[in-house]
Amino acid sequence: MKLAHRTFDIPGSETLAITAKANALRAEGKDVVGFGAGEPDFPTPKHICEAAKRAIDDGWTRYTATQGVPQLTKAVATHLQRQFGLSVEPNQVLVSVGGKHSLYNGILCLADPGDEVLLPAPYWVTYPVQNTMAGAVTTVVEARVEDGFRVTVASLEKALTPRTRGLVLNSPSNPTGAAYSVKDLEAIAEFVRANDLWVISDEMYARLVYDGFQHRFFATLPGMAERTLTVYGLSKSYSMTGWRVGIAVGPKDLIDAMNRLQGQSTSNIAAPVQAAAIAALTEPDDFIGEWVTEFDRRRRVMVDRLNAIPGVRCVLPEGAFYAFPDMRGLLGRRTPAGKMLATDWDLIDWLLDDVQVALVPGTPFGAPGFARLSYATSMANIDKGLDRIAKAVATLS
Ligand SMILES: Cc1ncc(COP(=O)(O)O)c(C=O)c1O
């Protein structure tokens, strides 16, 4: 069977490959400490689960409007206004099968083949692949560790060409946890306005910020609402990764186009899941504050322990639940078995095979020499995993 050309450019997920390998080692009876998870380790709160169960009993088992039932799009609009001061009408909301689906709908409706899209690196692995699937050309712009992994306007300007149409922003970021201050965002907004660009602003981790960081939605900056697609969701902050609820809000003509696209591809998300999402968005969510406190504790321990390892440097992230240390100081060294650690992949393979700790290499995120560790795992695991890494690194020659 001859496959379509577009499939040639779709790589398998390298992050899932690490998880699969870690699981295979566990199946062999090895005690692997996993830092690969991109999801909170807390269960979905009970009242959210109960709402879905009730919905099934109440007959929420049929097609709904593609964008979601009116109670849901209204709940989204009210939540975004109350939580972030972002004003949208319910008809500017489209609920999709996870933030990933919202992003995919978005790029398909914004980018024509050949359009160039600015993407700060380190980036979440899915953006460049979705750009390719839409026929768009990704222009990677380095956000340097020295700048706190925040892209500067000067480097964005350098990457501009007459074909540049858009910018993908992700704050707080996966994989770095870096978040942009209002001042940073204002400078970027000025650049966006001056160059007549659209923006996809992925704010999936907006509620997971530390040290009193004030997250500002990009679309709330003057003049940005009409050129920004905001992607939000319940996966990360409500621990609902498996439910698949992604939220897109933006200019009405863009959301209408995305709604038509979704109406011809997947239609509405599962009806009982919509009831769960309504409960999440309308009932008290103090648990998020408690989770943030716990993530914060783990964040500090993980970053301190990483920085205590010679050859490893890690900045304290402002949000999300990832540490993204610079491991370049370990490259070029040899393991006790004589293997040269030339790249981050070599390092990550060695840590998984010989030390039984699973990290994700930086290369798939556009940051060779770095690694991503999720602290959405217990403090006991963090201690155990970091003990192992520190001990193992001391054996490198
Ligand atoms: C930055 C970012 N955006 C979007 C998503 C997608 O989230 P969802 O699971 O809702 O599709 C993720 C998940 O890892 C993410 O890290």
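The values are calculated or read from the model by the stated rules, or taken from the named source; none is laboratory data. Keep in mind that this is a model prediction, so the values were computed, not measured. Don't worry about glycine lacking a Cβ; one is built from the backbone with ideal geometry, like all the others, and counts go over all protein chains shown.
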Kindly indicate which of Ile269, Ile278, Ile255 is touching a strand residue (DSSP E or B) at 6+ places or on another chain (Cβ under 6 Å), at pLDDT 95 or above, hydrophobic (A, V, I, L, M, F, W, C) and not in a loop (DSSP other than H, G, I, E, B). Ile255
Region 87-108, residues that are in a loop (DSSP other than H, G, I, E, B), in contact with a strand residue (DSSP E or B) (Cβ under 7 Å, 6 or more places away or on another chain) and away from the ligand (no atom under 11 Å from the Cβ): Val88
Any chance region 22-34 includes a residue that's more than 23 Å from Ile278 (Cβ to Cβ), basic (Lys, Arg), surrounded by 13 or more Cβ atoms within 10 Å (Cβ to Cβ) and without any contact (Cβ under 8 Å) to a residue 12 or more places away in the chain? yes
Unmet criterion (only one of (1) over 18 Å from Lys252 (Cα atoms); (2) in contact with a Ser or Thr (Cβ under 9 Å, 6 or more places away or on another chain); (3) of a type outside the set (S, T, N, Q)) for Arg62: (2)
Being within 10 Å of the ligand (Cβ to nearest atom), modelled with pLDDT of 95 or more and over 14 Å from the mean Cα position of the chain (by Cα) narrows it down to one residue among Gly242, Gly233; which is it? Gly242
Residue tally, condition in contact (Cβ under 8 Å) with a residue 60 or more places away in the chain and under 13 Å from Ala219 (Cα atoms), over region 158-193: 1
Given the conditions (1) within 16 Å of the ligand (Cβ to nearest atom); (2) within 17 Å of Ala279 (Cβ to Cβ); (3) not in a helix (DSSP H, G or I), and given that Leu72 satisfies all but one, which numbered condition is not satisfied? (3)
Does Val141 meet the test of being in a strand (DSSP E or B), without any contact (Cβ under 8 Å) to a residue 40 or more places away in the chain and closer than 30 Å to Gly212 by Cβ? yes
How many of the residues making up region 368-388 are over 24 Å from Thr44 (Cβ atoms) and surrounded by fewer than 24 Cβ atoms within 10 Å (Cβ to Cβ)? 7
Exactly one condition in (1) surrounded by 16 or more Cβ atoms within 10 Å (Cβ to Cβ); (2) without any contact (Cβ under 8 Å) to a residue 12 or more places away in the chain is false for Asp286; which is it? (1)
Taking Val231 as meeting all but one of (1) surrounded by fewer than 19 Cβ atoms within 10 Å (Cβ to Cβ); (2) not in a helix (DSSP H, G or I), write down the number of the exception. (1)
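The rows are residues; the columns are (1) away from the ligand (no atom under 16 Å from the Cβ); (2) assigned to a loop (DSSP other than H, G, I, E, B); (3) under 30 Å from Asn259 (Cβ atoms); (4) aromatic (Phe, Trp, Tyr).
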| position | (1), (2), (3), (4) |
| --- | --- |
| Leu16 | no, no, yes, no |
| Lys21 | yes, no, no, no |
| Leu25 | yes, no, no, no |
| Ala37 | no, yes, no, no |
| Pro40 | no, yes, yes, no |
| Thr44 | no, yes, yes, no |
| Lys53 | yes, no, yes, no |
| Thr61 | yes, yes, yes, no |
| Ala65 | yes, yes, yes, no |
Please enumerate the residues belonging to region 197-222 that are touching a Lys or Arg at 6+ places or on another chain (Cβ under 8 Å), more than 16 Å from the ligand (Cβ to nearest atom) and farther than 11 Å from Pro317 by Cβ. Leu197, Trp198
Among the residues of region 245-257, write down those that are among the β-branched types (Val, Ile, Thr) and within 11 Å of the ligand (Cβ to nearest atom). Val245, Ile247
Residue that is surrounded by the most Cβ atoms within 10 Å (Cβ to Cβ), among those in region 168-183 that are within 12 Å of the ligand (Cβ to nearest atom) and of a type in the set (Ser, Thr, Tyr): Thr176
